[in-house]
Amino acid sequence: MKIAQFTDILKGDAQADSVVPSTGHSAWLTLFTAGAMTFLAVFALALSLASGRLANRWSDALANTATIRIAASGDQMEAQTLRVLDILKATPGVASSRALTDDEQKALLAPWFGPDLPLDQLPIPRLIELTEADPGYDAEGLRQRLVAEAPGASLDDHTRWRKPLAEAAQKLRLLGIVSIVLILGAMAAMITLAASAALEANAQIIKVLRLVGARDTYIARAFVRRFTLRALIGAAIGAAAAMTGIALLPSADAAGGFLTGLGFQGAGWILPLLLPPLAALIAFAATRRAAFSKLRTLT
């Protein structure tokens with residue numbers, strides 16, 4: 001496929017264009033298919049990018065923090081909390097540390113147990129949050145010191161949280177790419193069927209054109225141009241509708257933080273604009289192949 005052949009479709013030929021019906025099932029099918037598939041592709045792209053950013057943000061946040069959980073009896077809880085804080089102050093690689101207050105712990109548990117959780121009547125561990133410096137601390141050494149000096153304390157450096165999040169980000173990106181490929185493949189198949197149907201419906205006209213000396217290249221170019229432009233217009237409408245819908249999605253605050261980062265950010269808004277030209281290229285290749293294949297069968 002030559003680039004010059006693709007650019008020729010923009011020049012137009014009134015006589016050749018009259019060969020292809022401007023309305024009918026094939027025209028609407030091409031417009032609808034290109035628009036719908038591009039609409040879905042934009043959302044697949046947006047969800048893939050957004051989920052990857054969200055997982056990376058979570059992973060980065062967890063990478064710089066850790067939690068120490070202290071499970072001890074009431075009379076030992078305060079003493080062990082103070083001892084752990086002293087240990088953390090003397091630990092190289094720990095930038096800061098603090099014990100969460102009862103109100104903060106209650107806020108963490110509120111989504112599961114409600115706001116009226118009686119912390120003073122339940123054996124809830126005390127949580128200490130620490131922030132890692134650069135370079136970081138020796139996690140294994142800190143664990144051994146906690147075992148020796150504060151038996152009720154245990155360190156959670158969030159390793160088990162970071163790894164699944166990183167894997168989820170990669171899988172979601174891959175899923176988004178696969179979805180876009182399948183969507184564009186379905187678009188190519190539907191446009192091929194529409195072009196074949198149009199050629200079949202105009203078989204008599206094609207025979208007359210051949211009788212007056214028209215070559216198959218001339219006939220095929222008319223179909224290729226018409227279907228390529230239809231796909232471009234439909235894809236542009238679908239992309240515009242999807243981008244508008246994404247722009248109108250609720251903000252992170254209005255959604256309670258669940259939709260944080262959903263959609264495109266910054267230069268990412270350029271990516272959906274590349275889908276209509278890509279749809280036109282797919283339509284060009286699919287229609288050209290279908291046209292020459294069908295013309296060989298029409299005698």
- Calculate I(q)/I(0) for the range 72-151 by the Debye formula, one identical point scatterer on each C-alpha and no solvent, and give its log10 at q = 0.11, 0.13, 0.24, 0.25 Å⁻¹ to two decimals. -0.35, -0.48, -1.13, -1.17
- Query: Which whole-percent values make up P(r) of the range 146-199 when all C-alpha to C-alpha distances are grouped in 5 Å steps starting at zero?
  - Reply: 4, 15, 10, 10, 10, 8, 9, 6, 6, 5, 4, 4, 3, 3, 2, 2, 0
- Cα convex hull of the range 101-243: mean projected area in nm², to one decimal? 17.6 nm²
- Query: So if R0 is 30 Å, what FRET efficiency would residue 267 and residue 163 give, r being the distance between their Cβ atoms, rounded to the nearest 0.05?
  - Reply: 0.55
- Query: In whole Å, what are the Cα extents of the range 178-297 along the three principal axes, biggest one first?
  - Reply: 68, 20, 20
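None of the figures in this text is laboratory data; all of them are computed from the coordinates on show. Keep in mind it's a predicted model, so treat the numbers as computed, not measured. With ideal geometry, Cβ positions are generated from the backbone for all residues, glycine too; neighbour counts draw on all protein chains shown.
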